[in-house]
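Visitor: Below: one structure in structure tokens.
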């Protein structure tokens, strides 16, 4: 029997299956595949970070709204290990798949249509990935699909049930990811007449009411998430950010499926108001984040919500356009094999380490052999303490520096629990750290007998003039306060504290200069403030302007103790 005949017989066998039974089989295979992948694919560093969220439930977190933390919290109630992070992700993504089917067809009367849906939904790379990787995008996709279902029903009838569900879905989206505002905004742009319906306004009012706990959390914490996403993540324009955007989108969506969606959105006009909303979601998200690349790097997965309109449009027009159907058969369908090959390779641990899906456990277990029961203090990124805690179950935190971003660990302030106690500091510190080699795993660390950090000390300062000359000496009036319950010892035998002037001149370039205090500060008792004056010389940085701040150095890191101000640098004639 030829290969063609063999494939034809398989096709006949598949299409002979009852559509309801086929959809059930497809669903079971989808869920089981994701469960197996969840168990046997090493946890990603970001997922370990979200486990920290779930272990410290709150109405908000530094980086994201609370939905992803709630997911890991609930998963952790029933499972340990990988499933303590990923179990609810498997369920959420399956129901998202069901919601998309409801948006497309909803009827199980034709096996061929179910097969077509299975092919297209399996072809989108990030949608498959979010079946076993826990991120805020997982609940975001779920509530976006629910929102579109309810919105479609709301267009047909403004029942109170639809109003309530619309409110719940909008609040759910925002509780998942702030990109929800863009989803709602694009739907409104596609159908501004909906603003004339008072029940839509009521749905928005109800959604706002559901969001009050999170809004209160943001206000009480001084809006950390908004500051981070709207300000701290912005940077200078780089052509690489702009040029890499479309290739990244091709990679995360599957170039074949993405190309089909582009073709459809250009060739065909939307049939009705709801279809116009799908077009706006797809093109709006793609164009919006391409424009956002002018202010900094755009993460490829930020547009993942486009998966929903993409699947719907490709499915619908493949039934209407023979060329699209042919493209699905001979372009999109074969590409699925590459996606599943990549999933197998993830489990086999043969893909590049930079993907962050293997090789971490042995490193953090090696650190544990040195630390024992001591808490481990890292510097740099949130990934290290998150991974250490996940793989060992032991206490760990990170000291954020002035040249690294703040994280949820800055809200938890776990390092305050270790003040005055023994700890292992895992960082390269000259004259302190030693290199360890545990079964081939190398790292630098040192054991401290009396740990002290100064990250929670706060410095407010005033500059008499924000236009300064190179080599001039700045005289800066400051006030330093200690809101913690511990005395800061500036002459600490293990962690002495010095003052630094910080000049931020480029995206990742920081310059540090010494400061001299008028009247030395030796200690700063708990809950006290001290005012004073310091002097520091302005260096020649070969830039016309920069950001300036004051920092305290405890030999481990330069802490971010003050806000940055803009400084104009001038050269003497």
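Visitor: Anything in the range 362-382 that is surrounded by fewer than 18 Cβ atoms within 10 Å (Cβ to Cβ) and part of a loop (DSSP other than H, G, I, E, B)? List them, or say none.
Guide: Once the filter is applied, which keeps residues that are surrounded by fewer than 18 Cβ atoms within 10 Å (Cβ to Cβ) and part of a loop (DSSP other than H, G, I, E, B), the range 362-382 yields 372, 373, 380, 381.
Visitor: Still on this structure: Only one of (1) under 24 Å from residue 96 (Cα atoms); (2) within 26 Å of the chain's Cα centre (by Cα); (3) touching a residue at least 60 places away in the same chain (Cβ under 8 Å) fails for residue 361. Which number is that?
Guide: (1)
Visitor: Is there a residue in the range 424-441 that is closer than 21 Å to residue 533 by Cα and assigned to a loop (DSSP other than H, G, I, E, B)?
Guide: no
Visitor: Could you count how many residues in the range 365-380 are under 21 Å from residue 451 (Cα atoms) and in contact with a helix residue (DSSP H, G or I) (Cβ under 8 Å, 6 or more places away or on another chain)?
Guide: First, the residues of the range 365-380 that are under 21 Å from residue 451 (Cα atoms): 367-380.
Remaining after also requiring in contact with a helix residue (DSSP H, G or I) (Cβ under 8 Å, 6 or more places away or on another chain): 367-368, 375-378.
Qualifying residue count, the range 365-380: 6.
Visitor: A further question follows. Scan (1) at pLDDT below 95; (2) outside any helix (DSSP H, G or I); (3) touching a helix residue (DSSP H, G or I) at 6+ places or on another chain (Cβ under 7 Å) for the single condition residue 134 breaks and write down its number.
Guide: (1)
Visitor: How many residues, within the range 487-535, are closer than 20 Å to residue 566 by Cα, in contact (Cβ under 8 Å) with a residue 24 or more places away in the chain and either within 38 Å of the chain's Cα centre (by Cα) or not assigned by TED's automatic domain parsing to the domain that holds residue 554 (or both)?
Guide: The qualifying residues number 15.
Visitor: Hey, another quick one. For residue 399, indicate whether it is under 17 Å from residue 553 (Cβ atoms) and either surrounded by fewer than 20 Cβ atoms within 10 Å (Cβ to Cβ) or touching a helix residue (DSSP H, G or I) at 6+ places or on another chain (Cβ under 8 Å) (or both).
Guide: Working: under 17 Å from residue 553 (Cβ atoms): yes; either surrounded by fewer than 20 Cβ atoms within 10 Å (Cβ to Cβ) or touching a helix residue (DSSP H, G or I) at 6+ places or on another chain (Cβ under 8 Å) (or both): yes.
Here the answer is yes, as residue 399 does meet what is asked.
Visitor: Given the options 375, 385, name the one that is within 19 Å of the chain's Cα centre (by Cα), more than 26 Å from residue 142 (Cβ to Cβ), in contact (Cβ under 8 Å) with a residue 12 or more places away in the chain and not assigned by TED's automatic domain parsing to the domain that holds residue 124.
Guide: Exactly one of 375, 385 is within 19 Å of the chain's Cα centre (by Cα), more than 26 Å from residue 142 (Cβ to Cβ), in contact (Cβ under 8 Å) with a residue 12 or more places away in the chain and not assigned by TED's automatic domain parsing to the domain that holds residue 124, namely 385.
Visitor: Could you grab me the full set of residues in the range 144-163 that are free of Cβ contacts under 8 Å to residues at least 60 places away in the same chain and touching a helix residue (DSSP H, G or I) at 6+ places or on another chain (Cβ under 7 Å)?
Guide: We begin by selecting, within the range 144-163, every residue free of Cβ contacts under 8 Å to residues at least 60 places away in the same chain; these are 146-147, 149-150, 153-154, 156-163.
Selection gives 146, 147, 149, 150, 153, 154, 158, 162, 163.
Visitor: For the range 228-241, what are the residues that are farther than 20 Å from residue 137 by Cα and exposed (fewer than 15 other Cβ atoms within 10 Å of the Cβ)?
Guide: Of everything in the range 228-241, those that are farther than 20 Å from residue 137 by Cα and exposed (fewer than 15 other Cβ atoms within 10 Å of the Cβ) turn out to be 231, 232, 234, 235, 236, 237, 238, 239, 240.
Visitor: Anything in the range 437-446 that is touching a residue at least 40 places away in the same chain (Cβ under 8 Å) and loosely packed, with under 15 Cβ neighbours inside 10 Å? List them, or say none.
Guide: 439, the sole residue that qualifies.
Visitor: Run residue 405 past the list (1) in contact (Cβ under 8 Å) with a residue 24 or more places away in the chain; (2) crowded, with 16+ Cβ neighbours inside 10 Å; (3) under 30 Å from residue 548 (Cα atoms) and report the number of the one that doesn't hold.
Guide: Among (1) in contact (Cβ under 8 Å) with a residue 24 or more places away in the chain; (2) crowded, with 16+ Cβ neighbours inside 10 Å; (3) under 30 Å from residue 548 (Cα atoms), the lone unmet condition for residue 405 is (2).
Visitor: Which strands (runs of 3 or more DSSP E) sit wholly inside the range 524-573 and have at least 3 residues that are under 30 Å from residue 397 (Cα atoms)? Step through it out loud before you land on a result.
Guide: Working: elements: 528-537, 545-553, 565-570.
Fully inside the range 524-573 and qualifying: 528-537, 545-553.
Visitor: Let me ask something else about it. Counting just the residues of the range 181-227 that are within 21 Å of the chain's Cα centre (by Cα), surrounded by 11 or more Cβ atoms within 10 Å (Cβ to Cβ) and not in a helix (DSSP H, G or I), which one comes out modelled with the highest pLDDT?
Guide: Step by step, filter the range 181-227, then rank; the result is 211.
The values are calculated or read from the model by the stated rules, or taken from the named source; none is laboratory data. Quick caveat: nothing in here was measured; it's all calculated off a predicted structure. All Cβ positions, even for glycine, are placed from backbone atoms using ideal geometry, and neighbour counts span all protein chains on display.
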